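Peer 1: Please read through the structure below; I'll follow up with questions.
Since every read-out is calculated from the coordinates, none of them should be taken as a lab result. Here the structure is a predicted model, which means the values were calculated and not measured. All Cβ positions, even for glycine, are placed from backbone atoms using ideal geometry, and neighbour counts span all protein chains on display.
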Amino acid sequence: MARGFAAGDHGFSLKQVFNSLNKRGHMKSSGIIAAAAVLLLPSLGKAAAPAAVDSSVEKGKALALDTNKGNCIACHMMGDGEFPGNYGPPLSQMKERYPDRAVLRKQVWDASAINPKSIMPPFGKNGILNDSEIDNIVDYLYTL
């Protein structure tokens with residue numbers, strides 16, 4: 001088969017698996033491999049995605065608490081912050097407050113673009129955080 005496979009696409013049909021039986025009804029070794037592919041491959045592609053999200057959330061949490069990077073606890077009350085700040089609004093219910101992820105991302109990138117009177121540092125605009133780090137922080141904030 002000379003085609004690419006999408007996630008969950010194993011490339012074998014059930015007909016091919018059943019045709020791999022020998023005359024006594026025992027499966028040939030090629031049939032065993034095909035059957036395993038039919039049963040296992042669809043689940044393998046789906047299991048990897050949550051690990052990537054968890055990794056991004058963990059990175060975002062570390063950045064948010066890092067005093068040399070996000071340092072969110074300096075100004076915001078956070079559940080994980082030992083010394084919560086009281087300058088900015090508490091970082092809670094973030095998905096409800098920012099249903100549009102792009103708006104929250106823009107807030108972290110440069111809050112003055114949304115509110116010209118904001119005292120929040122422009123983390124992206126000033127190069128404190130790169131694009132990937134901002135995405136990780138937004139992933140983490142969406143868990144709060």
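Peer 1: Could you line up Val57, Val138 from fewest to most neighbouring Cβ atoms inside 10 Å?
Peer 2: Neighbour counts put them in this order, fewest first: Val57, Val138.
Peer 1: Then there is this: Please give, to one decimal in nm, the separation of the simple spin-label points placed at Lys125 and Asp54, each 7 Å out from Cα toward the Cβ.
Peer 2: Result for the modelled spin labels: 3.8 nm.
Peer 1: State the extension gain, in nm to one decimal, for the chain segment bounded by Thr67 and Ser112, taking 0.36 nm per residue of separation less the distance between their alpha-carbons.
Peer 2: Additional length available on full extension: 14.1 nm.
Peer 1: With θ set to phi - 60°, apply the Karplus curve 6.51 cos²θ - 1.76 cosθ + 1.60 along segment 87-93 and write out the HN-Hα couplings as whole Hz, x wherever there is a Gly or Pro.
Peer 2: Ordered by residue, 3J(HN,Hα) equals 7, x, x, x, 8, 9, 6 Hz.
Peer 1: Using Stokes-Einstein with the Kirkwood hydrodynamic radius over Cα pairs, what translational diffusion coefficient do you get for segment 49-141 at 4 °C and a viscosity of 1.567 mPa s, in µm²/s rounded to a whole number?
Peer 2: Result for D is 98 µm²/s.
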